[in-house]
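Mind looking over this structure? Questions follow.
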Amino acid sequence: MNISIIKKNKIKDFLKKHRNFLICAHIGPEGDSLGSQLAFARAIKNMGKNCDIVNSDRYSREYIFLPGVDSIRTRPKIERYDAAIVLDCSDISRIGNVANYLDKKIPILNIDHHISNTYFGDINLINADTSSVCEVLYFLFKKLNIKFDKTIAICLYTGIMTDTGSFKYANTKASTHLAVSQILKWRIDVPEIFRNIYQNLGFSDLKLINKVLLNVKKDATRKIAWVDITKNMLKKYKPQIDLTDSILGFIRSIKDVEVCVLFREKRGKSRNIRINFRSRGRVDVNKIAQHFDGGGHKTASGATLRNISLKKAQVKVVKYIQNRLNKK
Ligand SMILES: [Mn+2]
């Protein structure tokens with residue numbers, strides 16, 4: 001990964017100049033957000049500076065093994081930070097409630113790998129060719145001569161592993177394996193990390209997956225398949241971990257399916273529907289998500305539709321995808 005000398009120096013000055021950092025990532029934080037936040041926080045603390053991680057939402061159960069994860073807060077510890085580091089967010093709105101605590105005047109370092117990034121930072125390190133923010137951080141830390149330790153290695157490995165679907169998605173490049181080959185020198189427990197993330201289902205999680213998969217729908221061309229998770233299912237099965245990748249992993253492995261979609265009713269009173277898109281590779285689901293004011297990557301993206309029923313959301317989204325596929 002190429003980081004220009006100008007950018008490297010800008011980031012170096014940014015880290016040198018400030019003392020109290022706020023680190024945040026997107027709503028519903030997952031492996032790459034949490035891993036990159038914890039790795040960066042560790043690096044800043046190793047420099048003898050102060051740093052708090054604040055996210056809009058709590059992390060889910062599968063991440064409790066990450067070193068330092070219990071220090072992550074949903075409200076800031078101090079009133080004013082000197083600077084903010086925003087990770088894994090294509091747009092500043094993705095930080096959710098943390099925006100309420102972010103002083104508009106403080107400088108932002110925006111580090112991301114979403115192709116849809118809006119360059120909202122004062123410094124922007126964006127690389128859409130990189131598997132994950134954790135991979136970006138690996139190369140950045142090296143360039144800045146930041147000292148690695150085992151904690152940083154575990155956190156970076158987790159983010160790279162989860163964003164590449166365990167090194168099998170199209171974003172897995174030579175650079176990814178190069179970074180990981182160095183990270184593994186810290187003798188981290190790879191199977192233990194895998195177990196925590198992917199082999200941590202509760203019985204009710206499995207029953208929920210079963211229920212969701214039973215209702216899989218497809219369009220006439222069989223190129224689009226979709227499933228949904230309703231409020232009632234959430235109430236009944238109370239999933240403790242994020243099941244998006246597990247569920248879409250099954251749907252994506254159906255022969256001939258090009259695009260798969262998970263529609264999820266948000267908990268509580270709102271009528272908002274979260275939509276996650278996955279592509280086999282031929283269809284650019286970032287563009288589809290952007291049509292609905294979302295974004296992400298070519299093969300994995302998401303959007304939120306507001307004030308709409310599940311049924312209407314499905315009709316609207318599937319129709320749009322069909323039109324797009326027909327134009328090709
Ligand atoms: Mn990511």
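Output the residues belonging to the range 237-249 that are modelled with pLDDT of 95 or more and under 11 Å from Val227 (Cα atoms).
Matches in the range 237-249: Ile247, Leu248.
Among the residues that make up the range 31-46, is at least one of them part of a loop (DSSP other than H, G, I, E, B), away from the ligand (no atom under 16 Å from the Cβ) and either within 19 Å of Asn110 (Cα to Cα) or assigned by TED's automatic domain parsing to the domain that holds Lys142 (or both)?
No, there is no match, as no residue in the range 31-46 is part of a loop (DSSP other than H, G, I, E, B), away from the ligand (no atom under 16 Å from the Cβ) and either within 19 Å of Asn110 (Cα to Cα) or assigned by TED's automatic domain parsing to the domain that holds Lys142 (or both).
Could we say that Asn326 is outside any strand (DSSP E or B), touching a Lys or Arg at 6+ places or on another chain (Cβ under 7 Å) and of a type in the set (S, T, N, Q) here?
Criteria not met by Asn326.
Within the range 162-169, can one find any residue that is of a type in the set (A, V, I, L, M, F, W, C), in the same structural domain as Phe65 (by TED's automatic domain parsing) and within 26 Å of Arg61 (Cα to Cα)?
Yes, the range 162-169 has at least one match.
So which residues in the range 144-167 are within 15 Å of the ligand (Cβ to nearest atom) and not β-branched (Val, Ile, Thr), if there are any at all?
Cys155, Leu156, Tyr157, Gly159, Met161, Asp163, Gly165, Ser166, Phe167
A follow-up question, please. For the list (1) assigned to a helix (DSSP H, G or I); (2) buried (at least 19 other Cβ atoms within 10 Å of the Cβ); (3) away from the ligand (no atom under 15 Å from the Cβ), I need the number of the one condition that Cys51 fails.
Of (1) assigned to a helix (DSSP H, G or I); (2) buried (at least 19 other Cβ atoms within 10 Å of the Cβ); (3) away from the ligand (no atom under 15 Å from the Cβ), only one is false for Cys51: (1).
Residue check, Ile78 against (1) over 14 Å from the mean Cα position of the chain (by Cα); (2) away from the ligand (no atom under 12 Å from the Cβ); (3) closer than 30 Å to Leu248 by Cα; (4) of a type outside the set (D, E, K, R), all met but one. Which one?
Exception for Ile78: condition (3).
Something else: With over 27 Å from Asn200 (Cβ atoms), crowded, with 16+ Cβ neighbours inside 10 Å, under 24 Å from the mean Cα position of the chain (by Cα) and touching a residue at least 24 places away in the same chain (Cβ under 8 Å) as the only criterion, which of Tyr59, Tyr101 stands out?
Every option except Tyr101 fails the conditions.
The values are calculated or read from the model by the stated rules, or taken from the named source; none is laboratory data. In this text, all values refer to a predicted model and were calculated from it rather than measured experimentally. FYI the Cβ positions are ideal-geometry reconstructions off the backbone, even for glycines, and counts take in every protein chain you see.
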